[in-house]
Amino acid sequence: MYAIDDQIIDRARVGDDYLQPLLAALHRSPQRRPRCLCSASETGGVDMYVARIGGRYVLKRMPGTGPHHAPACTSYTPPAELTGQAALLGTAIREQPSTGLTRLSLSFPLTRNPSRRTSESNDLAPDTGSADVDGKKLTLRALLHFLWDEAGFVRWVPAMAGRRSWPAIRRHILLAAETKTTKSRELPELLWLPEPFTLAQKADIATRRTAAFAPLVGTGKHRKLMLALGEVKDITPARFGRHKLLIKHAPDCPFMIEPDTLTHLRHAFATELALRQSLPGSKLIALLTFGVTAAGVAVADRIAVMSVSTDWIPFESVFEHTLISGLIGRGRRFTKSLRYNQPVTSPLASLVLTDTDPPTACYLTTGATTGSPALADSNLPLKQWIWNTCVDPIPAIPSTLSHTRRTGHARTPSPRENAQEAPDPAPTQEAPPCPTHSPRPTDHSTNTPCTRISASTTS
């Protein structure tokens, strides 16, 4: 439910023929704020704004308001302090509701100087435990996390099972990039994702890809670079000491990898490569900068990778994969936290259960991590669940609202309500529909400080 001026809008009952002109008028008058009525604890609702994405007008949450939405609301996000994004908001990531744009500051170049050594990349941080050289800018891995976050693939509800595929991933990533801009160029101009491959369309796909890569072809000292995002199929030896990166859905477009680039990849992302080898059902997502030689050969410049489950949920370890798989198998709802620039030693929440009251931040600790980060707003209700993976078996998972409350006040949303929140897998070019909301329980909790419900932690 939304409040627009003096009207109460039920998104489930109002069609686009009525809603789109209304949102267009709000887009032309940014001083008018629609409000989301998902949370009974927020008097008057939570302010939102209207952005134009994919030719459609879409309601978006205001910066910093994600935790103030109801956990069942599609606009809900856990407190940024539980993720690696908090350190980047306002610096590397600057959202501007007045224009609908988000400006990104990148720590890596988008031109290639042959004299620059690829091994100098500050994306070395993931496995060394050191902080990013410039914590106020997005590394290549942080940009990959940001795109995954913005596309909504960190969020899980049961109705999403079996509905995620490469066409859906590609569509939502491109839509997420549409309102993002860098210092010199719009992000959609820089980003390439392979089209879903079909043998019948092979020639047409190759023609469109060649046209997209054409601005990169050159012989000058400083060459332009683009970003490519896709699922890694394999990294195999090529002739003359090189290797080639094969991306799924692009079998006829290998990316050549120089020896120093491969050495850096194996060192900085050894964990992700090992996880892909040990968990056959997992996937490896790559974001790379690349250029094109005068002969038309694509050459990778820098590469960052991320492990995702068979349901495309990111994970960092076998333990985290076990937790995520168990939650999905039990039909639970959660939002995954991503690390961005933060090293593995930072005590970030693995994920936040959104079907408990209040939401539960789940931490996985090792000998290298201790404690949990403090929230900027201590009034935000949040529980903690901690699993010390070094010494303890997995603790009992907190129960859902429908299991812990038998009075009839709280309930699990119906399959139809769940289905409204699942991304549409169809590879169309239109934007996702405006957010819908599951009903909030009538007896909401009061704001209380974080309470720990598992004592298994390290000192």
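These residues, Lys224, Lys137, go from largest to smallest accessible area, 1.4 Å probe, as Lys224, Lys137. Distance from the Cα centroid of region 34-112 to that of region 232-259 is 37 Å (rounded to whole angstrom). Highest-first packing order for the peptide set 182-189, 54-61 is 54-61, 182-189, based on the mean count of other beta carbon atoms within 10 Å. Compactness ratio for region 213-253: Cα radius of gyration over 2.2 N^0.38 Å (N = residue count) comes to 1.41. When Arg242, Arg94 are compared by accessible area of protein heavy atoms, the largest-first order is Arg94, Arg242, using a 1.4 Å probe. The simple spin-label model puts a point 7 Å past each Cα toward its Cβ; for Ala238 and Asp204 those points are separated by 2.9 nm. Per the Debye formula on identical point scatterers at the alpha carbon atoms of region 179-284, with no solvent, log10 I(q)/I(0) at q = 0.16 Å⁻¹ is -0.95.
Counting Cα-Cα pairs of region 1-46 in 5 Å increments starting at 0 gives whole-percent bin shares of 5, 21, 28, 26, 14, 5, 0.
Taking amide hydrogens as placed 1.01 Å from N in the peptide plane, the amide H of Phe334 sits under 5 Å from those of Trp156, Thr354, each at least 5 positions away in sequence or on another chain. The accessible surface of region 11-92, taken with every protein chain in place and a 1.4 Å probe, is 49 percent carbon and sulfur. For Leu351, the residues whose modelled amide H falls within less than 5 Å of its own, excluding neighbours fewer than 5 places apart on the same chain, are Ser337, Cys362. Fully extending the segment from Thr111 to Ile8 would add 32.1 nm, taking 0.36 nm per residue of separation and subtracting the current Cα-Cα distance. Each peptide in 357-366, 152-161 receives the mean, over its residues, of other Cβ atoms within 10 Å, and ordering these scores from highest gives 357-366, 152-161. Ala274 label point, 7 Å along Cα→Cβ, cut-off 18 Å on backbone N: hits in region 303-319? Correct set: 305-308, 315-319.
Peptides 251-263, 6-18 ordered by packing proxy, namely the average of other Cβ atoms within 10 Å per residue, highest first: 251-263, 6-18. Accessible area ranking (1.4 Å probe, heavy atoms, ligands and nucleic acids excluded), largest first, for Phe290, Phe240: Phe240, Phe290.
The values are calculated or read from the model by the stated rules, or taken from the named source; none is laboratory data. Note that this is a predicted model, so its numbers are computed, not measured. Cβ: placed from backbone, ideal geometry, glycine included. Neighbour counts: every protein chain shown. The accessibility values were calculated without ligands, DNA or RNA, using every heavy atom of the protein model including side chains. Shrake-Rupley method; radii C 1.70, N 1.55, O 1.52, S 1.80 Å.
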